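K.L.:
Before we start, here is the structure in question, set down as structure tokens.
The values are calculated or read from the model by the stated rules, or taken from the named source; none is laboratory data. A quick note: this is a predicted structure, and the numbers were derived from the prediction, not measured. Cβ coordinates were reconstructed from backbone atoms using ideal geometry, including for glycine residues, and neighbour counts include every protein chain displayed.
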Amino acid sequence: MVSKAGLKIIVCIKQVPAVQDIKIDPINHTLIRESMPSMLNPWDEIGVEEGIRLREKYGGEVTVITMGPMQARGAILRCLAMGADRGIIISDKALAGADTIATAYALYMQIKKMEYDLIICGKISTDSETGHIGPHLAELLNIPQICYVKKVDLDIEKRRIIAHKEADEGIEIVEAPLPALMTTAIGLNEPRLPTLKGIISSKRKEVKVVTAEDLGGSLSNYGLRGSPTFVDEVFEPPSRKPEMIFQGDPKEVVEKIVQVLLNNKLISSRS
């Protein structure tokens, strides 16, 4: 049975670069993160909204948790302003450079110490789009996972989750015991905007900072040392030439197109 205090919901979030503002160092081929605007990962925002809706329906509390630099506090505060109850930031230089495996492990080391009925993760993050964190975390915690959820219901008496999830052909309805982990899909909900009252109240809510020492375990499982995968290179896609639009009489348009193709040596004058 869910406790009298209600559901214990954990939502894993990530602060990501604002996609339209990404800049890449032309020499080192790495992201230039200094002064880069950041935002709450949109897929995680859907997860926060769903966690709040479930709490409003069944009671309980929503905890948002992230791993990253202390600037990720901004993403935590947005979640608290939306209505989440408290936040946790796992932040330590020893965790820097973590791939999805090391990141999921750090989250696991923190979450396994907590009470939870449901864990919600975004389907992907917009900066990497791997979709690994949720499934890997569920495996580490040894709990059921349901990915790409578009609708969710809970049977509190039977402690079960009933989810409508995206499938290759249509929608599948999947049922699993709690505790469980789910990942979000488009259409699950429309996230609310933080209100002025929510923004003010977020300043008074708890945001706990957790270090690698607090997590425990061997440092070899964290950060670069715990990451068997790595990004070899980051590069910008080749720039596209401006589109050309031809208007006028069809015969004249054809002649113009042929001339452009000839000038760019895309066809031969003997064709």
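K.L.:
Exactly one of (1) in contact with a Lys or Arg (Cβ under 8 Å, 6 or more places away or on another chain); (2) closer than 21 Å to GLU56 by Cβ; (3) of a type in the set (Val, Ile, Thr) is unmet by ILE156. Its number?
P.N.:
Failed condition: (1).
K.L.:
Which pairs turn up if I take residues in region 125-136 that are farther than 12 Å from ALA104 by Cα and look for partners that are at pLDDT below 90 and surrounded by fewer than 18 Cβ atoms within 10 Å (Cβ to Cβ) with beta carbon separation below 6 Å, at least 6 apart in sequence or on another chain?
P.N.:
Listed by first residue and then by second, the contacts come to THR126/VAL19; ASP127/PRO17.
K.L.:
State all residues of region 195-240 that are touching a Ser or Thr at 6+ places or on another chain (Cβ under 8 Å) and of a type in the set (Ser, Thr, Tyr); if no residue qualifies, say none.
P.N.:
Correct list: THR211, THR229.
K.L.:
Right, another one. Has region 165-184 got any residue that is at pLDDT below 95 and touching a helix residue (DSSP H, G or I) at 6+ places or on another chain (Cβ under 7 Å)?
P.N.:
No, region 165-184 contains no residue that is at pLDDT below 95 and touching a helix residue (DSSP H, G or I) at 6+ places or on another chain (Cβ under 7 Å).
K.L.:
Further question on the same structure: When the residues of region 125-151 are filtered to those that are surrounded by fewer than 21 Cβ atoms within 10 Å (Cβ to Cβ) and among the β-branched types (Val, Ile, Thr), which remaining residue is modelled with the highest pLDDT?
P.N.:
Among those that are surrounded by fewer than 21 Cβ atoms within 10 Å (Cβ to Cβ) and among the β-branched types (Val, Ile, Thr), it is ILE143.
K.L.:
So, one more: Working only within region 224-271, note down all residues that are more than 30 Å from ALA98 (Cα to Cα), exposed (fewer than 10 other Cβ atoms within 10 Å of the Cβ) and at pLDDT 85 or above.
P.N.:
ILE245, GLN247, GLY248, ASP249, PRO250, LYS251, ASN263
K.L.:
Another one. Can you tell me which of GLY74, GLY59 is on the phi < 0 side of the Ramachandran plot and either touching a residue at least 40 places away in the same chain (Cβ under 8 Å) or not assigned by TED's automatic domain parsing to the domain that holds ASN221 (or both)?
P.N.:
After ruling out the rest, the residue left standing is GLY74.
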